[in-house]
1. Would you check if there is a residue in the range 71-78 being closer than 30 Å to Arg133 by Cα, surrounded by 17 or more Cβ atoms within 10 Å (Cβ to Cβ) and not aromatic (Phe, Trp, Tyr)?
2. Only one of Ile74, Ile56 is more than 12 Å from the chain's Cα centre (by Cα) and of a type in the set (Val, Ile, Thr). Can you tell me which?
3. Only one residue in Val120, Val108, Val102, Val95 is touching a His at 6+ places or on another chain (Cβ under 8 Å) and crowded, with 18+ Cβ neighbours inside 10 Å. Which one?
4. For the range 24-129, list the strands (runs of 3 or more DSSP E) that sit wholly inside it and hold at least 2 residues that are under 18 Å from Gly10 (Cβ atoms) and not polar (S, T, N, Q); which are they?
5. Every residue in the range 53-69 that is surrounded by 13 or more Cβ atoms within 10 Å (Cβ to Cβ) and either out of contact with any helix residue (DSSP H, G or I) (no Cβ under 8 Å at 6 or more places or on another chain) or touching a residue at least 60 places away in the same chain (Cβ under 8 Å) (or both), please.
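Just so it is clear, none of the values below were taken in a lab; they were calculated from the coordinates. Please read all numbers here as calculations on a predicted model, not as lab measurements. Positions of Cβ are backbone-derived with ideal geometry, glycine not excepted, and every protein chain shown enters the neighbour counts.
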Amino acid sequence: MDRADHAPAGRFDGLEHRFALRVYFEDTDLTGVVYHANYLRYMERARSDMLERAGIDQRAAFEAGEGAYAVRDIRIRYRAPARLGEELIVVSRLVGLRAASVHIQQRVMRGEIILAEAEVEAAFVSPSGRPRRQPPGWVAAFEPLIWKEN
C-alpha cells in the first residue's frame, strides 16, 4: 500500500512545507482547547512529513545504522488557542543547515492566525547518541530548501 493511500501528507509551497490537520476530541482538554503538548506532536508530524517530501528516508538511515534526528533544542511560544473541530496548518521552513544539525521554524496556524510558533534544532546522532554529520544526500536535499531572509 502506498503512503498516499493511508496517511495524510503535506506539500511544499515554494520553500515552505504545509501540513494540514484537524483537531480531534483526544487533542483537547476538558474545555475543548488543544492541550499544550499536542502542538509539539503536530509540529513533529509536520517535520517528519517535510523530511519525507524532501526525499529523506529516516527509517532507512536508522535501520542501516547511520543514525537519526533528535530534537536538541526547541523554543515554543503559544499565541492563541486551537479548539475542537478546527482545521489547522503547520507551516515549516528550513532556516539553517550545519554539518550535524538542521534548524526549522514552525507555525501552527488557523487561517492567517498564528496559534503557536517554534524554533527547532534537530541534531543528527549516531545509534549510540553521539552527534555526527548528516548523510551527504540529506544535505544536498536540504540546501535548495533553505529559507533566506531578504
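1. Within the range 71-78 (the criterion being closer than 30 Å to Arg133 by Cα, surrounded by 17 or more Cβ atoms within 10 Å (Cβ to Cβ) and not aromatic (Phe, Trp, Tyr)), the answer is no, since none of the residues qualifies.
2. Ile56
3. Val120
4. 87-98, 101-110, 113-125
5. Arg53, Ala54, Ile56, Asp57, Ala61, Phe62, Glu66, Gly67
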